[in-house]
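The values are calculated or read from the model by the stated rules, or taken from the named source; none is laboratory data. Treat the numbers as computed from the prediction; the structure is a model and nothing was measured. Here Cβ is always computed from backbone atoms with ideal geometry, including for glycine, and neighbour counts include all displayed protein chains. The accessibility values were calculated without ligands, DNA or RNA, using every heavy atom of the protein model including side chains. Shrake-Rupley method; radii C 1.70, N 1.55, O 1.52, S 1.80 Å.
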Amino acid sequence: MSSNSNLVPIWAEKVAEQLGPGPHVVVTGISPSGNIHVGNLREVLVAEAVVNALKARGEEVRFVFHADTIDPLRKIAPGIPTDFERYIGHSLSRVPDPEGCHGSYAEHFLGPFEEALARMGMDIEVLRSHELYEGGSYAEVTREALEHTAELRGILQEVSGREMPEHWSPYLPRATSGQLTGARILEHLREERKVVFVDEDGWEEVADYSKGEGKLGWRVELAARWKALRATFEPFGKDHTSRGGSTDTADRMAREVFRYPVPGRYEYEWIQIKGKGAMSSSKGIVLLPGEMLDIMPPDALRRMVLGRDPARALDLDLEAGFPRFMDEYRADTEEKPVPFTHLVTVAQTVAGDPEKAAEMLRRSGYEGAANDPEKLRQDLTYARNWAKKWAPESYRFGVRDEMPAEVASLDAEQRRYLAAVAGRLEDGMDGDAVQNLLYSTAVELGLKPKAAFGALYTVLLGRKSGPKAGPFVAGLDTNFVRERFFSV
Ligand SMILES: [Zn+2]
(Lines give C-alpha, C1' and ligand atoms only; values in the text may rest on other atoms or scores of the structure.)
Protein backbone atom coordinates (compact mmCIF):
# COMPACT_ATOMS: atom_id res chain seq x y z
CA MET A 1 0.00 0.00 0.00
CA SER A 2 1.27 3.45 -0.87
CA SER A 3 2.16 6.10 1.65
CA ASN A 4 -0.83 8.26 0.71
CA SER A 5 -3.35 5.96 2.31
CA ASN A 6 -3.36 7.80 5.63
CA LEU A 7 -3.74 11.18 3.97
CA VAL A 8 -7.46 11.82 4.37
CA PRO A 9 -8.63 15.43 4.19
CA ILE A 10 -11.72 16.50 6.11
CA TRP A 11 -13.82 17.22 3.01
CA ALA A 12 -13.19 13.62 1.84
CA GLU A 13 -14.17 12.24 5.24
CA LYS A 14 -17.48 14.11 4.98
CA VAL A 15 -18.11 12.68 1.50
CA ALA A 16 -17.36 9.16 2.74
CA GLU A 17 -19.69 9.62 5.68
CA GLN A 18 -22.53 10.69 3.39
CA LEU A 19 -21.93 7.77 1.05
CA GLY A 20 -22.56 5.34 3.87
CA PRO A 21 -22.03 1.57 3.76
CA GLY A 22 -20.70 -0.12 0.61
CA PRO A 23 -19.43 -2.02 -1.24
CA HIS A 24 -18.30 1.04 -3.19
CA VAL A 25 -17.13 1.64 -6.73
CA VAL A 26 -15.44 5.01 -7.16
CA VAL A 27 -15.19 6.01 -10.80
CA THR A 28 -13.34 8.75 -12.59
CA GLY A 29 -13.24 9.13 -16.35
CA ILE A 30 -11.30 11.09 -18.92
CA SER A 31 -11.24 11.14 -22.70
CA PRO A 32 -7.68 10.69 -24.02
CA SER A 33 -8.30 13.05 -26.96
CA GLY A 34 -5.34 15.27 -26.06
CA ASN A 35 -2.78 15.75 -23.31
CA ILE A 36 -4.17 14.58 -19.94
CA HIS A 37 -3.03 17.43 -17.72
CA VAL A 38 -2.83 18.29 -14.03
CA GLY A 39 -6.38 19.75 -14.16
CA ASN A 40 -7.59 16.26 -15.12
CA LEU A 41 -5.40 14.76 -12.42
CA ARG A 42 -7.27 16.86 -9.85
CA GLU A 43 -10.36 14.77 -10.57
CA VAL A 44 -8.47 11.51 -10.03
CA LEU A 45 -6.98 12.84 -6.79
CA VAL A 46 -10.42 13.87 -5.50
CA ALA A 47 -11.58 10.33 -6.21
CA GLU A 48 -8.48 8.86 -4.55
CA ALA A 49 -9.02 10.92 -1.40
CA VAL A 50 -12.59 9.63 -1.18
CA VAL A 51 -11.37 6.06 -1.74
CA ASN A 52 -8.92 6.50 1.14
CA ALA A 53 -11.63 7.98 3.35
CA LEU A 54 -13.92 5.03 2.60
CA LYS A 55 -11.14 2.54 3.30
CA ALA A 56 -10.37 4.30 6.57
CA ARG A 57 -13.99 3.62 7.52
CA GLY A 58 -13.48 -0.05 6.79
CA GLU A 59 -15.44 -0.04 3.52
CA GLU A 60 -14.74 -2.31 0.58
CA VAL A 61 -13.82 -0.09 -2.40
CA ARG A 62 -13.04 -0.60 -6.07
CA PHE A 63 -11.28 2.39 -7.67
CA VAL A 64 -11.70 2.68 -11.42
CA PHE A 65 -10.28 5.03 -14.03
CA HIS A 66 -12.57 4.85 -17.08
CA ALA A 67 -10.50 5.95 -20.08
CA ASP A 68 -12.92 6.93 -22.84
CA THR A 69 -10.89 5.24 -25.58
CA ILE A 70 -13.89 4.36 -27.75
CA ASP A 71 -14.99 8.03 -27.96
CA PRO A 72 -14.95 9.52 -31.44
CA LEU A 73 -12.20 11.98 -32.33
CA ARG A 74 -13.97 15.34 -32.29
CA LYS A 75 -11.22 17.75 -33.18
CA ILE A 76 -7.53 17.65 -33.76
CA ALA A 77 -5.40 18.47 -30.69
CA PRO A 78 -2.78 21.24 -31.11
CA GLY A 79 0.33 19.99 -32.87
CA ILE A 80 -1.39 17.05 -34.61
CA PRO A 81 -1.02 16.92 -38.44
CA THR A 82 -4.08 18.34 -40.21
CA ASP A 83 -4.50 15.23 -42.38
CA PHE A 84 -5.82 13.57 -39.20
CA GLU A 85 -9.07 15.39 -40.05
CA ARG A 86 -10.02 12.26 -41.99
CA TYR A 87 -10.24 10.36 -38.68
CA ILE A 88 -12.79 12.70 -37.15
CA GLY A 89 -15.71 10.56 -35.98
CA HIS A 90 -13.50 7.46 -35.55
CA SER A 91 -12.84 5.86 -32.14
CA LEU A 92 -9.67 7.19 -30.49
CA SER A 93 -8.58 3.56 -30.00
CA ARG A 94 -8.70 3.04 -33.80
CA VAL A 95 -6.94 6.23 -34.87
CA PRO A 96 -3.18 5.88 -35.40
CA ASP A 97 -0.68 7.53 -33.05
CA PRO A 98 0.32 10.83 -34.72
CA GLU A 99 3.90 10.31 -33.54
CA GLY A 100 4.02 6.57 -34.09
CA CYS A 101 5.25 5.73 -30.59
CA HIS A 102 2.10 4.02 -29.26
CA GLY A 103 -0.52 1.63 -30.58
CA SER A 104 -3.15 4.33 -31.11
CA TYR A 105 -4.09 7.98 -30.72
CA ALA A 106 -5.77 7.11 -27.40
CA GLU A 107 -2.69 5.32 -26.06
CA HIS A 108 -0.43 8.20 -27.07
CA PHE A 109 -2.17 10.46 -24.56
CA LEU A 110 -3.22 7.82 -22.04
CA GLY A 111 0.25 6.25 -21.76
CA PRO A 112 2.07 9.19 -20.09
CA PHE A 113 -0.85 9.71 -17.71
CA GLU A 114 -0.88 6.06 -16.72
CA GLU A 115 2.88 6.25 -16.14
CA ALA A 116 2.39 9.25 -13.85
CA LEU A 117 -0.28 7.36 -11.87
CA ALA A 118 2.17 4.48 -11.49
CA ARG A 119 4.94 6.86 -10.36
CA MET A 120 2.52 8.14 -7.73
CA GLY A 121 1.92 4.62 -6.48
CA MET A 122 -1.79 5.01 -7.11
CA ASP A 123 -3.85 1.92 -6.49
CA ILE A 124 -6.30 2.29 -9.40
CA GLU A 125 -7.69 0.04 -12.15
CA VAL A 126 -7.39 1.63 -15.59
CA LEU A 127 -10.23 0.42 -17.82
CA ARG A 128 -10.36 1.24 -21.53
CA SER A 129 -13.89 1.83 -22.72
CA HIS A 130 -13.33 0.15 -26.11
CA GLU A 131 -12.35 -3.03 -24.25
CA LEU A 132 -15.40 -2.79 -21.99
CA TYR A 133 -17.66 -2.50 -25.05
CA GLU A 134 -15.84 -5.32 -26.87
CA GLY A 135 -16.10 -7.54 -23.80
CA GLY A 136 -19.86 -7.00 -23.51
CA SER A 137 -19.88 -4.92 -20.31
CA TYR A 138 -22.14 -2.38 -22.01
CA ALA A 139 -24.40 -4.89 -23.84
CA GLU A 140 -27.18 -4.96 -21.25
CA VAL A 141 -27.38 -1.20 -20.73
CA THR A 142 -27.24 -0.65 -24.51
CA ARG A 143 -30.23 -2.96 -24.93
CA GLU A 144 -32.09 -0.99 -22.27
CA ALA A 145 -31.18 2.30 -23.90
CA LEU A 146 -32.37 1.14 -27.33
CA GLU A 147 -35.66 -0.08 -25.83
CA HIS A 148 -36.18 3.29 -24.14
CA THR A 149 -35.09 5.51 -27.01
CA ALA A 150 -38.22 7.67 -26.81
CA GLU A 151 -37.85 8.35 -23.07
CA LEU A 152 -34.15 9.15 -23.37
CA ARG A 153 -34.84 11.52 -26.24
CA GLY A 154 -37.58 13.17 -24.18
CA ILE A 155 -35.23 13.72 -21.22
CA LEU A 156 -32.57 15.24 -23.46
CA GLN A 157 -35.10 17.63 -24.98
CA GLU A 158 -36.58 18.65 -21.64
CA VAL A 159 -33.29 19.22 -19.87
CA SER A 160 -31.39 20.86 -22.70
CA GLY A 161 -34.39 22.70 -24.18
CA ARG A 162 -33.24 21.67 -27.64
CA GLU A 163 -35.21 19.72 -30.24
CA MET A 164 -33.50 16.37 -30.96
CA PRO A 165 -33.43 15.04 -34.54
CA GLU A 166 -36.33 12.81 -35.52
CA HIS A 167 -34.11 9.77 -35.96
CA TRP A 168 -32.08 10.40 -32.82
CA SER A 169 -30.68 7.21 -31.29
CA PRO A 170 -28.92 6.59 -27.97
CA TYR A 171 -26.56 4.23 -29.81
CA LEU A 172 -23.93 5.14 -32.41
CA PRO A 173 -23.05 2.08 -34.53
CA ARG A 174 -19.72 2.05 -36.33
CA ALA A 175 -20.04 2.11 -40.10
CA THR A 176 -17.62 0.25 -42.38
CA SER A 177 -15.94 3.62 -42.97
CA GLY A 178 -15.02 3.74 -39.26
CA GLN A 179 -17.48 6.58 -38.61
CA LEU A 180 -19.41 6.45 -35.33
CA THR A 181 -21.74 9.25 -36.23
CA GLY A 182 -24.18 9.99 -39.00
CA ALA A 183 -26.00 6.64 -39.06
CA ARG A 184 -29.73 6.05 -38.75
CA ILE A 185 -30.98 2.98 -36.90
CA LEU A 186 -33.67 0.96 -38.67
CA GLU A 187 -34.17 -1.98 -36.37
CA HIS A 188 -33.10 -3.39 -33.02
CA LEU A 189 -32.54 -7.17 -33.17
CA ARG A 190 -32.90 -7.73 -29.44
CA GLU A 191 -32.13 -11.47 -29.35
CA GLU A 192 -28.98 -11.12 -31.47
CA ARG A 193 -27.93 -7.92 -29.69
CA LYS A 194 -27.53 -6.16 -33.02
CA VAL A 195 -28.84 -3.08 -34.76
CA VAL A 196 -29.56 -2.64 -38.45
CA PHE A 197 -28.69 0.85 -39.63
CA VAL A 198 -28.21 3.02 -42.69
CA ASP A 199 -24.69 4.49 -42.91
CA GLU A 200 -23.74 7.98 -44.07
CA ASP A 201 -23.65 6.83 -47.71
CA GLY A 202 -27.07 5.20 -47.60
CA TRP A 203 -25.89 1.58 -47.31
CA GLU A 204 -27.59 -0.81 -44.92
CA GLU A 205 -25.24 -2.29 -42.30
CA VAL A 206 -25.43 -4.35 -39.10
CA ALA A 207 -23.57 -3.73 -35.81
CA ASP A 208 -23.26 -6.11 -32.84
CA TYR A 209 -23.48 -3.99 -29.71
CA SER A 210 -22.18 -6.75 -27.47
CA LYS A 211 -18.87 -6.70 -29.36
CA GLY A 212 -17.98 -3.02 -29.35
CA GLU A 213 -19.21 -2.31 -32.88
CA GLY A 214 -20.40 1.09 -31.73
CA LYS A 215 -21.06 3.00 -28.52
CA LEU A 216 -23.71 4.89 -26.61
CA GLY A 217 -23.91 8.64 -27.16
CA TRP A 218 -21.90 10.30 -24.40
CA ARG A 219 -24.75 11.79 -22.36
CA VAL A 220 -26.55 8.43 -22.28
CA GLU A 221 -23.28 6.58 -21.72
CA LEU A 222 -22.64 8.54 -18.54
CA ALA A 223 -25.80 7.20 -16.89
CA ALA A 224 -25.37 3.75 -18.44
CA ARG A 225 -21.78 3.57 -17.21
CA TRP A 226 -22.85 4.08 -13.60
CA LYS A 227 -25.03 1.02 -13.89
CA ALA A 228 -22.58 -1.06 -15.92
CA LEU A 229 -19.78 -0.41 -13.40
CA ARG A 230 -22.07 -0.31 -10.32
CA ALA A 231 -20.63 3.14 -9.53
CA THR A 232 -21.41 4.68 -6.14
CA PHE A 233 -19.30 7.85 -6.43
CA GLU A 234 -17.90 10.04 -9.18
CA PRO A 235 -16.39 13.54 -9.00
CA PHE A 236 -17.21 16.10 -11.69
CA GLY A 237 -15.71 19.34 -12.89
CA LYS A 238 -17.89 22.44 -12.82
CA ASP A 239 -18.50 22.33 -16.58
CA HIS A 240 -20.46 19.07 -16.33
CA THR A 241 -22.60 20.11 -13.40
CA SER A 242 -23.86 23.39 -14.84
CA ARG A 243 -27.61 23.68 -15.44
CA GLY A 244 -28.70 21.50 -18.37
CA GLY A 245 -25.25 19.94 -18.34
CA SER A 246 -24.35 16.29 -18.67
CA THR A 247 -24.98 15.39 -15.03
CA ASP A 248 -28.51 16.87 -15.20
CA THR A 249 -29.43 14.57 -18.08
CA ALA A 250 -27.55 11.58 -16.69
CA ASP A 251 -29.25 11.87 -13.28
CA ARG A 252 -32.70 11.67 -14.83
CA MET A 253 -31.71 8.89 -17.25
CA ALA A 254 -30.27 6.85 -14.39
CA ARG A 255 -33.40 7.17 -12.27
CA GLU A 256 -36.10 7.01 -14.92
CA VAL A 257 -34.66 4.69 -17.55
CA PHE A 258 -31.85 2.59 -16.10
CA ARG A 259 -33.46 2.40 -12.65
CA TYR A 260 -30.10 2.96 -11.02
CA PRO A 261 -29.45 5.30 -8.05
CA VAL A 262 -27.41 8.40 -8.89
CA PRO A 263 -23.90 7.95 -7.46
CA GLY A 264 -22.54 10.32 -4.83
CA ARG A 265 -20.87 13.39 -6.28
CA TYR A 266 -18.25 16.00 -5.59
CA GLU A 267 -17.86 19.13 -7.71
CA TYR A 268 -14.31 20.31 -8.10
CA GLU A 269 -13.05 23.59 -9.48
CA TRP A 270 -10.46 24.33 -12.14
CA ILE A 271 -6.76 24.73 -11.77
CA GLN A 272 -4.96 27.69 -13.29
CA ILE A 273 -1.26 28.03 -13.89
CA LYS A 274 -0.16 31.26 -12.26
CA GLY A 275 0.28 33.94 -14.89
CA LYS A 276 -1.01 31.74 -17.72
CA GLY A 277 -4.68 31.03 -17.05
CA ALA A 278 -6.93 28.00 -16.83
CA MET A 279 -5.42 24.76 -18.00
CA SER A 280 -6.70 23.71 -21.38
CA SER A 281 -5.45 21.10 -23.82
CA SER A 282 -7.06 22.87 -26.76
CA LYS A 283 -5.38 26.19 -25.88
CA GLY A 284 -2.07 24.49 -25.29
CA ILE A 285 -1.97 25.67 -21.63
CA VAL A 286 -0.96 22.35 -20.24
CA LEU A 287 1.02 21.08 -17.29
CA LEU A 288 1.53 17.33 -17.28
CA PRO A 289 1.57 15.33 -14.03
CA GLY A 290 4.97 13.94 -15.03
CA GLU A 291 6.43 17.47 -15.09
CA MET A 292 5.35 17.98 -11.49
CA LEU A 293 6.76 14.61 -10.43
CA ASP A 294 10.12 15.77 -11.78
CA ILE A 295 10.31 18.46 -9.10
CA MET A 296 8.47 17.04 -6.09
CA PRO A 297 7.51 13.75 -4.41
CA PRO A 298 4.07 12.25 -5.17
CA ASP A 299 2.52 13.25 -1.85
CA ALA A 300 3.62 16.86 -2.30
CA LEU A 301 1.96 16.80 -5.71
CA ARG A 302 -1.22 15.43 -4.11
CA ARG A 303 -1.20 18.23 -1.59
CA MET A 304 -0.52 20.93 -4.15
CA VAL A 305 -3.08 19.82 -6.73
CA LEU A 306 -5.90 19.16 -4.27
CA GLY A 307 -5.26 22.37 -2.36
CA ARG A 308 -7.07 22.95 0.88
CA ASP A 309 -10.44 22.41 -0.78
CA PRO A 310 -10.82 21.08 -4.35
CA ALA A 311 -14.22 22.80 -4.58
CA ARG A 312 -12.25 26.03 -4.88
CA ALA A 313 -10.28 27.29 -7.85
CA LEU A 314 -6.53 27.03 -7.50
CA ASP A 315 -3.53 28.91 -8.87
CA LEU A 316 -0.54 26.64 -9.24
CA ASP A 317 2.75 28.43 -8.71
CA LEU A 318 5.77 26.38 -9.67
CA GLU A 319 7.99 29.44 -9.97
CA ALA A 320 8.80 32.00 -7.24
CA GLY A 321 6.29 30.56 -4.75
CA PHE A 322 7.48 26.98 -5.06
CA PRO A 323 10.31 26.93 -2.46
CA ARG A 324 7.90 28.12 0.20
CA PHE A 325 5.38 25.42 -0.68
CA MET A 326 8.10 22.76 -0.48
CA ASP A 327 9.30 24.08 2.88
CA GLU A 328 5.78 23.96 4.30
CA TYR A 329 5.29 20.46 2.96
CA ARG A 330 8.59 19.24 4.38
CA ALA A 331 7.98 20.90 7.73
CA ASP A 332 4.90 18.67 8.05
CA THR A 333 6.55 15.47 6.90
CA GLU A 334 10.21 15.58 8.01
CA GLU A 335 12.15 15.96 11.26
CA LYS A 336 14.70 18.56 10.26
CA PRO A 337 14.07 19.49 6.64
CA VAL A 338 16.71 21.22 4.56
CA PRO A 339 15.28 24.50 3.18
CA PHE A 340 14.45 23.99 -0.49
CA THR A 341 16.52 26.99 -1.59
CA HIS A 342 19.54 25.44 0.13
CA LEU A 343 19.00 22.20 -1.79
CA VAL A 344 18.88 24.32 -4.93
CA THR A 345 22.23 25.84 -3.98
CA VAL A 346 23.77 22.44 -3.24
CA ALA A 347 22.36 20.94 -6.42
CA GLN A 348 23.89 23.70 -8.52
CA THR A 349 27.21 23.75 -6.68
CA VAL A 350 28.18 20.09 -6.57
CA ALA A 351 25.94 18.76 -9.30
CA GLY A 352 26.20 15.01 -9.64
CA ASP A 353 28.65 14.36 -6.77
CA PRO A 354 26.66 12.78 -3.93
CA GLU A 355 29.59 12.71 -1.49
CA LYS A 356 30.38 16.38 -1.92
CA ALA A 357 26.69 17.18 -1.60
CA ALA A 358 26.49 15.26 1.68
CA GLU A 359 29.62 17.05 2.91
CA MET A 360 28.13 20.42 2.00
CA LEU A 361 24.97 19.61 3.96
CA ARG A 362 26.96 18.40 6.94
CA ARG A 363 28.87 21.68 7.02
CA SER A 364 25.62 23.62 6.97
CA GLY A 365 24.28 21.64 9.92
CA TYR A 366 22.05 19.10 8.16
CA GLU A 367 23.66 15.92 9.43
CA GLY A 368 20.45 13.88 9.14
CA ALA A 369 19.89 14.78 5.50
CA ALA A 370 23.57 14.10 4.74
CA ASN A 371 23.28 10.59 6.20
CA ASP A 372 20.37 9.50 4.00
CA PRO A 373 22.04 9.23 0.58
CA GLU A 374 19.03 7.78 -1.27
CA LYS A 375 16.68 10.54 -0.16
CA LEU A 376 19.33 13.18 -0.67
CA ARG A 377 19.92 12.04 -4.23
CA GLN A 378 16.17 12.30 -4.90
CA ASP A 379 15.84 15.72 -3.23
CA LEU A 380 18.79 17.09 -5.20
CA THR A 381 17.24 15.81 -8.43
CA TYR A 382 14.02 17.70 -7.62
CA ALA A 383 15.98 20.84 -6.76
CA ARG A 384 18.12 20.68 -9.88
CA ASN A 385 15.12 20.06 -12.16
CA TRP A 386 13.30 22.98 -10.58
CA ALA A 387 16.30 25.28 -10.98
CA LYS A 388 16.59 24.36 -14.66
CA LYS A 389 12.97 24.68 -15.66
CA TRP A 390 11.01 26.84 -13.22
CA ALA A 391 13.30 28.89 -11.00
CA PRO A 392 13.34 32.67 -11.37
CA GLU A 393 16.66 33.92 -12.73
CA SER A 394 17.85 35.00 -9.25
CA TYR A 395 17.97 31.35 -8.10
CA ARG A 396 19.99 30.12 -11.02
CA PHE A 397 23.74 30.03 -10.98
CA GLY A 398 26.74 27.95 -11.84
CA VAL A 399 30.23 28.10 -10.36
CA ARG A 400 32.57 29.22 -13.18
CA ASP A 401 35.39 26.87 -14.09
CA GLU A 402 37.55 29.79 -15.25
CA MET A 403 37.99 33.24 -13.74
CA PRO A 404 34.95 35.25 -14.91
CA ALA A 405 35.62 38.35 -17.09
CA GLU A 406 33.38 40.30 -14.69
CA VAL A 407 36.23 40.51 -12.12
CA ALA A 408 37.53 43.48 -14.15
CA SER A 409 34.86 45.56 -12.36
CA LEU A 410 36.31 44.87 -8.84
CA ASP A 411 38.20 47.71 -7.11
CA ALA A 412 41.40 47.46 -5.05
CA GLU A 413 39.56 47.22 -1.72
CA GLN A 414 37.45 44.32 -2.91
CA ARG A 415 40.55 42.51 -4.18
CA ARG A 416 42.27 43.07 -0.84
CA TYR A 417 39.20 41.68 0.91
CA LEU A 418 39.23 38.45 -1.15
CA ALA A 419 42.93 37.93 -0.49
CA ALA A 420 42.36 38.41 3.25
CA VAL A 421 39.54 35.89 3.26
CA ALA A 422 41.65 33.39 1.29
CA GLY A 423 44.40 33.65 3.93
CA ARG A 424 41.98 32.82 6.74
CA LEU A 425 39.85 30.16 5.12
CA GLU A 426 40.48 26.71 6.58
CA ASP A 427 39.51 23.20 5.61
CA GLY A 428 36.49 21.80 7.41
CA MET A 429 34.91 25.13 8.39
CA ASP A 430 31.12 24.87 8.48
CA GLY A 431 28.65 27.29 6.92
CA ASP A 432 28.27 29.46 10.03
CA ALA A 433 32.03 29.71 10.56
CA VAL A 434 32.56 30.80 6.95
CA GLN A 435 29.69 33.28 7.18
CA ASN A 436 31.28 34.82 10.31
CA LEU A 437 34.68 34.95 8.65
CA LEU A 438 33.29 36.68 5.56
CA TYR A 439 31.44 39.20 7.63
CA SER A 440 34.11 40.01 10.23
CA THR A 441 36.79 40.37 7.57
CA ALA A 442 34.63 42.91 5.75
CA VAL A 443 34.10 44.88 8.97
CA GLU A 444 37.81 44.76 9.75
CA LEU A 445 38.73 46.17 6.33
CA GLY A 446 36.00 48.79 6.54
CA LEU A 447 34.21 47.34 3.52
CA LYS A 448 30.42 47.48 3.22
CA PRO A 449 28.86 43.96 3.21
CA LYS A 450 27.31 44.55 -0.19
CA ALA A 451 30.71 45.33 -1.76
CA ALA A 452 32.38 42.42 0.07
CA PHE A 453 29.81 39.77 -0.82
CA GLY A 454 29.45 41.23 -4.32
CA ALA A 455 33.18 40.62 -4.86
CA LEU A 456 32.83 37.02 -3.72
CA TYR A 457 29.91 36.26 -6.04
CA THR A 458 31.70 37.98 -8.91
CA VAL A 459 34.82 35.80 -8.74
CA LEU A 460 32.88 32.58 -8.27
CA LEU A 461 29.70 33.08 -10.30
CA GLY A 462 30.39 36.07 -12.54
CA ARG A 463 27.48 38.04 -11.02
CA LYS A 464 26.81 40.38 -8.10
CA SER A 465 24.42 38.21 -6.08
CA GLY A 466 23.94 34.55 -5.27
CA PRO A 467 22.92 32.02 -2.62
CA LYS A 468 23.64 32.55 1.09
CA ALA A 469 27.44 32.96 1.07
CA GLY A 470 28.59 31.02 4.17
CA PRO A 471 27.06 27.59 3.42
CA PHE A 472 27.76 28.10 -0.28
CA VAL A 473 31.50 28.77 0.13
CA ALA A 474 31.80 26.11 2.85
CA GLY A 475 30.47 23.59 0.36
CA LEU A 476 33.12 24.34 -2.24
CA ASP A 477 36.57 22.83 -2.35
CA THR A 478 38.68 25.02 0.00
CA ASN A 479 41.78 24.98 -2.21
CA PHE A 480 39.77 25.97 -5.24
CA VAL A 481 38.28 28.95 -3.36
CA ARG A 482 41.64 30.04 -1.95
CA GLU A 483 43.34 29.97 -5.34
CA ARG A 484 40.51 31.79 -7.01
CA PHE A 485 40.46 34.53 -4.34
CA PHE A 486 44.23 34.95 -4.36
CA SER A 487 44.54 35.17 -8.10
CA VAL A 488 42.20 38.13 -8.56
ZN1 LIG B 1 2.80 7.96 -29.00
Sole residue being of a type in the set (Asp, Glu) and crowded, with 21+ Cβ neighbours inside 10 Å, chosen from 477, 379, 430, 401: 379
Flag if residue 459 is modelled with pLDDT of 95 or more and surrounded by fewer than 14 Cβ atoms within 10 Å (Cβ to Cβ): no
Test: residue in segment 166-177 that is in contact (Cβ under 8 Å) with a residue 60 or more places away in the chain and closer than 20 Å to residue 137 by Cα: yes
Residues (part of a helix (DSSP H, G or I) and touching a residue at least 24 places away in the same chain (Cβ under 8 Å)) located in segment 382-391: 382, 383, 384, 385, 386, 387, 389
Lone unmet requirement of (1) over 23 Å from residue 280 (Cα atoms); (2) within 15 Å of the ligand (Cβ to nearest atom) for residue 80: (1)
Test result for residue 371, out of contact with any strand residue (DSSP E or B) (no Cβ under 9 Å at 6 or more places or on another chain) and either open to solvent by 70 Å² or more (accessible area, probe 1.4 Å) or β-branched (Val, Ile, Thr) (or both): yes
Selection count where residues are more than 29 Å from residue 55 (Cβ to Cβ), more than 26 Å from the chain's Cα centre (by Cα) and assigned to a loop (DSSP other than H, G, I, E, B), scope segment 230-251: 2
Residue in segment 70-77 that is under 23 Å from the mean Cα position of the chain (by Cα) and of a type in the set (Asp, Glu) present: yes
Qualifying residue in segment 60-76 (condition: assigned to a helix (DSSP H, G or I), away from the ligand (no atom under 16 Å from the Cβ) and either without any contact (Cβ under 8 Å) to a residue 12 or more places away in the chain or out of contact with any His (no Cβ under 8 Å at 6 or more places or on another chain) (or both)): no
Subset of segment 392-415 (residues that are under 43 Å from the mean Cα position of the chain (by Cα), part of a loop (DSSP other than H, G, I, E, B) and among the charged types (D, E, K, R)): 396, 400, 401, 402
Residues (out of contact with any helix residue (DSSP H, G or I) (no Cβ under 7 Å at 6 or more places or on another chain) and of a type in the set (D, E, K, R)) located in segment 186-212: 187, 191, 192, 194, 199, 200, 201, 204, 205, 208
Within segment 91-206, helices (runs of 4 or more DSSP H) holding 2 or more residues that are within 16 Å of the ligand (Cβ to nearest atom), open to solvent by less than 40 Å² (accessible area, probe 1.4 Å) and out of contact with any Gly (no Cβ under 7 Å at 6 or more places or on another chain): 105-119
Selection count, segment 253-296, where residues are open to solvent by 30 Å² or more (accessible area, probe 1.4 Å) and closer than 20 Å to residue 121 by Cα: 3
Segment 416-427: number of residues that are open to solvent by 80 Å² or more (accessible area, probe 1.4 Å) and outside any loop (DSSP other than H, G, I, E, B): 2
